[in-house]
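Visitor: Structure in structure tokens, see below.
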Amino acid sequence: MRHGKLYCNGSLRSEFVERTETLAERMRGLLGRDRLAGDRAMLIEHCGAVHTLGMRFALGLVFLDRSWRVTRLLSDVQPWRLFAWGGWRSVSVIEVSAGADLLQGVKVGDCFAWES
């Protein structure tokens, strides 16, 4: 897994982001973790939907299209939900703990960027 920073509309949103690189990392995501610190996130590429089966905490989800624009936001996806879908254009998702600062003020159409 690579580590880096996420920006939204040019503003730093998180300095502690894990970016998945393999199919196994994408499939595992945050499963098996007891929590994710409020200032941390996981970026999962090639992923337009997620499940929370087996999760131990609620998630905030930011779905992105190929241009890294927000297509859908979900702020409080509870554990054991079957699927959360980002829509037809979604190809990546940012996972954070529900209520994380990264979600504050983000809206559909905003543009994210990655820096390693």
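Visitor: Considering only residues of region 88-104 that are modelled with pLDDT of 95 or more and farther than 22 Å from H3 by Cβ, which is surrounded by the most Cβ atoms within 10 Å (Cβ to Cβ)?
Guide: Only one residue tops the list, namely S90.
Residues are listed down the side, and each one gets a yes or a no for (1) charged (D, E, K, R); (2) within 20 Å of A100 (Cα to Cα):
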position	(1), (2)
L30	no, yes
D34	yes, yes
L53	no, no
D65	yes, no
R81	yes, yes
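Visitor: Those residues that are over 20 Å from G86 (Cα atoms) and either surrounded by 13 or more Cβ atoms within 10 Å (Cβ to Cβ) or hydroxyl-bearing (S, T, Y) (or both), I need them from region 34-50; list them, please. Spell out the reasoning first.
Guide: Step one: list which residues in region 34-50 are over 20 Å from G86 (Cα atoms), which gives 34-40.
Across region 34-50, the qualifying residues are L36, G38, D39, R40.
Visitor: Could you please give the count of residues in region 75-116 that are assigned to a loop (DSSP other than H, G, I, E, B) and on the phi < 0 side of the Ramachandran plot?
Guide: Our first condition is that a residue be assigned to a loop (DSSP other than H, G, I, E, B); within region 75-116, this holds for 78-83, 86-91, 98-100, 104-110, 116.
Those still in the list that are on the phi < 0 side of the Ramachandran plot too: 78-79, 81-83, 86, 88-91, 98, 100, 104, 106-108, 110, 116.
The qualifying residues number 18.
Visitor: Checking the condition more than 13 Å from the chain's Cα centre (by Cα) and either touching a residue at least 12 places away in the same chain (Cβ under 8 Å) or part of a loop (DSSP other than H, G, I, E, B) (or both), which residue from R26, R35, R72 passes? Reasoning before the result, please.
Guide: Values: R26 fails: more than 13 Å from the chain's Cα centre (by Cα); R72 fails: more than 13 Å from the chain's Cα centre (by Cα).
Only one candidate passes the filter, namely R35.
Visitor: Of all residues in region 1-26, count the ones that are within 18 Å of D101 (Cβ to Cβ) and polar (S, T, N, Q).
Guide: From region 1-26, those within 18 Å of D101 (Cβ to Cβ) are 4-18; that's our starting set.
Applying the additional criterion that residues be polar (S, T, N, Q) yields 9, 11, 14.
Adding up the residues that qualify gives 3.
Visitor: Quick one: how many residues across region 69-84 are closer than 25 Å to M1 by Cα and surrounded by 14 or more Cβ atoms within 10 Å (Cβ to Cβ)?
Guide: The qualifying residues number 9.
Visitor: Additional query: Against the condition under 14 Å from C8 (Cβ atoms) and either β-branched (V, I, T) or touching a strand residue (DSSP E or B) at 6+ places or on another chain (Cβ under 8 Å) (or both), how does L36 come out, does it pass? Don't jump to the end; show me each part of the working.
Guide: Values: under 14 Å from C8 (Cβ atoms): no; either β-branched (V, I, T) or touching a strand residue (DSSP E or B) at 6+ places or on another chain (Cβ under 8 Å) (or both): yes.
No, not satisfied.
Visitor: Please list, ordered by first then second residue, the pairs with beta carbon atoms under 7 Å, 6 or more apart or interchain, first in region 1-20 and over 14 Å from R40 (Cβ atoms) and in a strand (DSSP E or B), second modelled with pLDDT of 95 or more and among the small types (G, A, S).
Guide: Every condition considered, the pairs that remain are Y7/A113.
The values are calculated or read from the model by the stated rules, or taken from the named source; none is laboratory data. Here the structure is a predicted model, which means the values were calculated and not measured. Counting neighbours? That spans all protein chains shown, and the Cβs are built from the backbone with ideal geometry, glycine included.
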